[in-house]
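For reference, the structure discussed in these notes is given below.
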Amino acid sequence: MSLPPELAALVESARTVERRPRLEGPVSVLYGGAHLFRAGSFEKLGALARATFADVVRDESDVCAIVGEGALPHAAAIRRRVEKKLAEAPLEDVRVDFEDGYGLRSDDEEDADATRVGAVLASRPAAAPRWVGVRVRAFERATAERAARTLVRVARELDRASLPERFVVTLPKVRGPEDVARFTRLLLWIERDRGLREGSLGLELMIELPSALVARGGLALGALLDAGEGRVTSVHLGAYDLLSACDVAASFQSLAHPLCDLARGLMVLGAEGRVRVADGATTRLPLPVHRGALDPGQVEENRVAVRDALRAHAANVRAALSTGIHQGWDLHPAQLVGRYLALAAHYEANLHRSAERLAAFVDQAARARASGQTFDDAATAEGLLAFFAQGLASTLLSESDLAPTGISASDLSTLDFARLVAKYGARG
């Protein structure tokens, strides 16, 4: 039986709704104070991460000490993947910080630092990561003028040719859509002033206040994203400001607090796949406890202290992964070691089974399509596509890891399993 014309048109409109493309993004954003940022900083940060790895992750037992004994069957492969990552692309994203990581400074000093930061970014250093940007002060009564002044000074050093391709500005202490709308107008003014393409300055929002999570009508995040007029690329959990705003005493504050779990869930739900969600920071830093001339016992105590801090960081990375969050903050380059080990352990432990399942799903769905039946497990299959897409984007997986699935890396540009099955079904 054919449908009436008006119903046929309705069905066709449902078929032609475009899927959102997969959101490509980094797995880490490394923060550093603007007063410390110089030419050569990117190289130095990568070297520090490699040095920590060489000192603390010497063999498979060190891998297991950081990510857990369950990683033992894959420990050698995990170590190889992270060693390669740190050698080839240690930095994924760096945020030059003019807020908490910078502190209170004179206007003259901040002006000078902003100009220098802009000049370094404009020089397009070879070691620069794929993503880079700055965090300014909150756009509120006490600090809005300083935030605008700093950002304008950074931007004065940039033009169409020198602006990094994935440049973003992080806005902290967002209270509601009005803050985002005002800051969006500032970004537009800067683009016009500098002759930049409209929309070339991306925007990240810090979720640090309850009002940025929950509004009277429900979840607040959608209105924040709308106010950004397409500029917002990600939202980041500011765990400790949020906990303080909820009157949680400092002694109880941690990234593992139940309110942080709730916030992560609300952010993932509120983002609706429109933007990426990033987890907050592990404040326990992997730093040695002894300095200067050391005896063998102190050397080992330093290794243990750093390794224990990396274990705590890796646990937080795994917890975020369990809620669908693949990016998080790092406050020191040594933390990259813990993050990459946790991610590599996740990919290595699930790689073989995920490849088998995805290959089987493609085959089953193609057969169902050929016989006029419906494949009813597409959501699980798309989760497997996301696993490989995220792993390849992080470079902790390679295209050779995808080969057993029978699909190619180009098939992961969207996580549309039905389209993929149509492609491979047609081949079969």
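Do we find that Ala39 is farther than 30 Å from Ala315 by Cβ, in the same structural domain as Leu331 (by TED's automatic domain parsing) and among the hydrophobic types (A, V, I, L, M, F, W, C) in this structure?
Judged against the criteria, Ala39 is a match.
Just to verify a result, which residue in the range 245-261, among those that are among the polar types (S, T, N, Q) and within 23 Å of Gln327 (Cα to Cα), is nearest to the chain's Cα centre (by Cα)? So that I can check it myself, show each step before the final result.
We begin by selecting, within the range 245-261, every residue among the polar types (S, T, N, Q); these are 251, 253-254.
Filter once more, keeping what is within 23 Å of Gln327 (Cα to Cα): 253-254.
On the way: Gln253: 22, Ser254: 20 Å.
By that ranking, first place goes to Ser254.
If we keep just the residues of the range 173-190 that are free of Cβ contacts under 8 Å to residues at least 40 places away in the same chain and surrounded by fewer than 17 Cβ atoms within 10 Å (Cβ to Cβ), which is farthest from Gly25 (Cα to Cα)? Lay out the reasoning, then the answer.
To start, the set of residues in the range 173-190 that are free of Cβ contacts under 8 Å to residues at least 40 places away in the same chain comprises 175, 185, 188-190.
With the extra rule that they be surrounded by fewer than 17 Cβ atoms within 10 Å (Cβ to Cβ), the set shrinks to 185, 188-189.
Working: Arg185: 25, Leu188: 23, Trp189: 26 Å.
Residue satisfying both the conditions and the ranking: Trp189.
For the range 151-189, which residues satisfy the criterion of being among the β-branched types (Val, Ile, Thr) and within 25 Å of the chain's Cα centre (by Cα)? First the steps, then the outcome.
Of all residues in the range 151-189, those among the β-branched types (Val, Ile, Thr) come to 152, 154, 168-170, 174, 180, 184.
Passing the criteria: Val154, Val168, Val169, Thr170, Val174, Val180, Thr184.
Name the residue that is farthest from the chain's Cα centre (by Cα), counting only residues in the range 116-140 that are loosely packed, with under 15 Cβ neighbours inside 10 Å and either under 19 Å from Ser200 (Cα atoms) or modelled with pLDDT of 95 or more (or both).
Result: Glu140.
To keep it simple, each residue is scored yes or no on (1) crowded, with 20+ Cβ neighbours inside 10 Å; (2) farther than 17 Å from Asp330 by Cα; (3) modelled with pLDDT of 95 or more.
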residue	(1), (2), (3)
Leu48	no, no, yes
Ala77	no, yes, yes
Arg81	yes, yes, yes
Lys84	no, yes, yes
Ala89	no, no, yes
Val94	yes, no, yes
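Which condition does His326 not pass, out of (1) under 28 Å from Arg274 (Cα atoms); (2) modelled with pLDDT under 95, if it passes all the others?
Unmet for His326, out of (1) under 28 Å from Arg274 (Cα atoms); (2) modelled with pLDDT under 95: (2).
Every residue in the range 263-287 that is at pLDDT below 95 and farther than 16 Å from Gln327 by Cβ, please.
Glu272
I need the full set of residues from the range 214-231 which are assigned to a loop (DSSP other than H, G, I, E, B) and surrounded by fewer than 18 Cβ atoms within 10 Å (Cβ to Cβ), in order please. Before you say what the answer is, go through the steps one by one.
So the first thing to find is which residues in the range 214-231 are assigned to a loop (DSSP other than H, G, I, E, B), and the list is 216-217, 220, 228-231.
Residues satisfying the conditions are Arg216, Gly217, Glu229, Gly230.
Please enumerate the residues belonging to the range 320-337 that are in contact with a helix residue (DSSP H, G or I) (Cβ under 8 Å, 6 or more places away or on another chain) and part of a helix (DSSP H, G or I).
Ala320, Leu321, Gln335, Leu336, Val337
With (1) in contact with a His (Cβ under 7 Å, 6 or more places away or on another chain); (2) more than 20 Å from Leu45 (Cβ to Cβ) as the list, and Arg311 as the residue in question, which single condition is left unmet?
For Arg311, the exception is condition (1).
Determine whether the range 210-218 contains at least one residue that is in contact with a strand residue (DSSP E or B) (Cβ under 9 Å, 6 or more places away or on another chain) and not basic (Lys, Arg).
yes
Exactly one of (1) modelled with pLDDT under 95; (2) not in a helix (DSSP H, G or I) is unmet by Tyr31. Its number?
(1)
Just to be sure, is Leu203 in contact with a strand residue (DSSP E or B) (Cβ under 9 Å, 6 or more places away or on another chain), part of a strand (DSSP E or B) and either over 22 Å from Ala320 (Cβ atoms) or hydrophobic (A, V, I, L, M, F, W, C) (or both)? Lay out the reasoning, then the answer.
Details: in contact with a strand residue (DSSP E or B) (Cβ under 9 Å, 6 or more places away or on another chain): yes; part of a strand (DSSP E or B): yes; either over 22 Å from Ala320 (Cβ atoms) or hydrophobic (A, V, I, L, M, F, W, C) (or both): yes.
Spelling it out, Leu203 is indeed in contact with a strand residue (DSSP E or B) (Cβ under 9 Å, 6 or more places away or on another chain), part of a strand (DSSP E or B) and either over 22 Å from Ala320 (Cβ atoms) or hydrophobic (A, V, I, L, M, F, W, C) (or both).
Can you run down the residue pairs with Cβ atoms below 9 Å, 6 or more apart or on separate chains, where the first is in the range 301-318 and touching a residue at least 60 places away in the same chain (Cβ under 8 Å) and farther than 12 Å from Asp330 by Cβ and the partner is part of a helix (DSSP H, G or I) and among the hydroxyl-bearing types (Ser, Thr, Tyr)?
Pairs that qualify, where the first residue is touching a residue at least 60 places away in the same chain (Cβ under 8 Å) and farther than 12 Å from Asp330 by Cβ and the partner is part of a helix (DSSP H, G or I) and among the hydroxyl-bearing types (Ser, Thr, Tyr), are Val306/Thr52.
If only one of Ser244, Ser251, Ser162 is polar (S, T, N, Q), surrounded by fewer than 17 Cβ atoms within 10 Å (Cβ to Cβ) and touching a Ser or Thr at 6+ places or on another chain (Cβ under 8 Å), which one is it?
Values: Ser244 fails: touching a Ser or Thr at 6+ places or on another chain (Cβ under 8 Å); Ser251 fails: touching a Ser or Thr at 6+ places or on another chain (Cβ under 8 Å).
Matching residue, one of Ser244, Ser251, Ser162: Ser162.
Tell me which residues, restricted to the range 101-113, are in contact (Cβ under 8 Å) with a residue 40 or more places away in the chain and assigned to a loop (DSSP other than H, G, I, E, B).
Gly101, Tyr102, Gly103, Arg105
Among the residues of the range 54-66, is there at least one that is of a type outside the set (Lys, Arg) and within 21 Å of Ala127 (Cα to Cα)?
Restricting attention to the range 54-66, the residues satisfying the condition of being of a type outside the set (Lys, Arg) are 54-57, 59-66.
Checking which are within 21 Å of Ala127 (Cα to Cα) leaves us with 54.
Checking the range 54-66: at least one residue is of a type outside the set (Lys, Arg) and within 21 Å of Ala127 (Cα to Cα).
So His290 fits all but one of (1) within 30 Å of Ala386 (Cα to Cα); (2) in a loop (DSSP other than H, G, I, E, B); (3) not β-branched (Val, Ile, Thr); what number is the exception?
(1)
Among the residues of the range 314-343, which ones are of a type in the set (Gly, Ala, Ser) and either within 16 Å of Ala256 (Cα to Cα) or in the same structural domain as Gln390 (by TED's automatic domain parsing) (or both)?
Ala314, Ala315, Ala319, Ala320, Ser322, Gly324, Gly328, listed by residue number.
Please state which of the following conditions Glu43 fails to meet, knowing it meets all the rest: (1) buried (at least 16 other Cβ atoms within 10 Å of the Cβ); (2) out of contact with any Cys (no Cβ under 9 Å at 6 or more places or on another chain).
(1)
Quickly run through the range 38-47 and pick out the residues that are over 9 Å from Val94 (Cβ atoms) and of a type outside the set (Asp, Glu). Full working, then the answer.
Residues of the range 38-47 over 9 Å from Val94 (Cβ atoms): 38-40, 43-44, 46-47.
Once the filter is applied, which keeps residues that are over 9 Å from Val94 (Cβ atoms) and of a type outside the set (Asp, Glu), the range 38-47 yields Arg38, Ala39, Gly40, Lys44, Gly46, Ala47.
The values are calculated or read from the model by the stated rules, or taken from the named source; none is laboratory data. These numbers come from a predicted model, not from an experiment. Note that each Cβ is placed from the backbone with ideal geometry, even for glycine, and that neighbours are counted across all protein chains shown.
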